Amino acid sequence: MISERLAKAINEQLNFELASGFVYKGMEAYFGKEGYDGFKHFMKLQAEEEYEHHQKFAEFLYEVDCTVEYKAIPDVKNDYESPKAAIEAALEHEKEVTKRIHNLYEIALEEKDYEAITTLDWFLNEQVEEEDNFRHILDQYDLLDDAKTTTYWIDKELGKRQ
């Protein structure tokens, strides 16, 4: 049986995952307004992935007979200084998600909730990938000198994401 403390923390995280989806929808709106179709496509898929993460947490709570509790989602930013600035913000956001997943893992370890630990293992690995994706985009900016050409090239590459 899952502890009340861990159930509450997982509920907070599943709400944060939904809010993360909205963060990426805000970025999608920015890129759509600016005409960056590849970035827009990338953020649309990123938002969908966050909603899937939310659902994984919700399903876990259902399976251990806990209530899923939804909270209001805060307003999100819909405008950025540049595409690179949006990606930098996305990386910082993913670092916050990673920090939160680590916190959940610590609680699960303290509570000796091995089922939760198994579920959280997937999220730990997922966060390595999430941060790497955004770092890789930022690395492209560092490799190429002209910001407009780099942004154009990255936009075309991100449009290919499946």
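Miscellaneous remarks
- Cα gyration tensor, the range 1-91 - rounded (a/c under 1.5), prolate or oblate: prolate
- Among the protein heavy atoms of the chain, carbon and sulfur supply 50% of the accessible surface, probe 1.4 Å, non-protein parts ignored.
- Mean separation of Cα contacts under 8 Å (6+ apart) over length of the range 43-134, as relative contact order %: 26 percent
- Positive-end extreme of charge dipole, the chain - chosen from A19, Y114, P83 (charges on Cβ): P83
- The range 1-82, relative contact order in percent, only Cα pairs under 8 angstrom and at least six apart counted: 43 percent
- Centroid-to-centroid separation of the range 64-93 and the range 12-63 [C-alpha atoms, Å]: 7 Å
- Ignoring aspartates and glutamates fewer than eight residues from K95 along the same chain, the ones with Cα atoms less than 17 angstrom from its Cα are E12, E17, E49, E50, E106, D121, E126, E129, E130, E131, D132, D139.
- Computed over the chain: relative contact order in percent, which uses C-alpha pairs under 8 Å that are six or more apart: 31 percent
- Of K33/K148; K56/K148; K44/K99; K40/K148; K25/K156, those spanning more than 28 Å from alpha-carbon to alpha-carbon: K56/K148
- Overall form of the range 118-162: oblate. Here a/c, set by the Cα gyration tensor axes a ≥ b ≥ c, is 1.5 or more, and a/b is not larger than b/c.
- Cα shape, the range 46-110, gyration tensor, a/c 1.5 rule: prolate
- The range 75-162 - accessible surface per residue (Å², probe 1.4 Å): 62 Å²
- Around the Cα centre of the range 53-162, unit charges on the Cβ atoms of Lys, Arg, Asp and Glu (plus for the first two, minus for the last two) sum to a dipole of about 360 debye.
- Cleavage-rule hits (trypsin sites (Lys or Arg not before Pro)) in the range 1-43: DSSP loop, at most 13 neighbouring Cβ within 10 angstrom: none
- Applying the criteria of a DSSP loop state and at most 16 other Cβ atoms within 10 Å to the trypsin sites (Lys or Arg not before Pro) of the range 57-150 yields K71, K77, K112.
- Computed over the Cα atoms of the range 81-124, the ratio of the radius of gyration to the Kirkwood radius (Rg/Rh) comes to 1.22.
- A simple spin-label model places pseudo-atoms 7 Å from Cα toward Cβ; at E111 and D79 they are separated by 4.2 nm.
The values are calculated or read from the model by the stated rules, or taken from the named source; none is laboratory data. Bear in mind that the values here come from a model prediction, so they are computed numbers and not experimental data. When we count neighbours, we look across all protein chains shown, and the Cβ atoms used for this are built from the backbone with ideal geometry, even at glycine. Just so you know, the surface numbers come from the protein's heavy atoms only, side chains and all, with ligands and any DNA or RNA stripped out. Shrake-Rupley method; radii C 1.70, N 1.55, O 1.52, S 1.80 Å.
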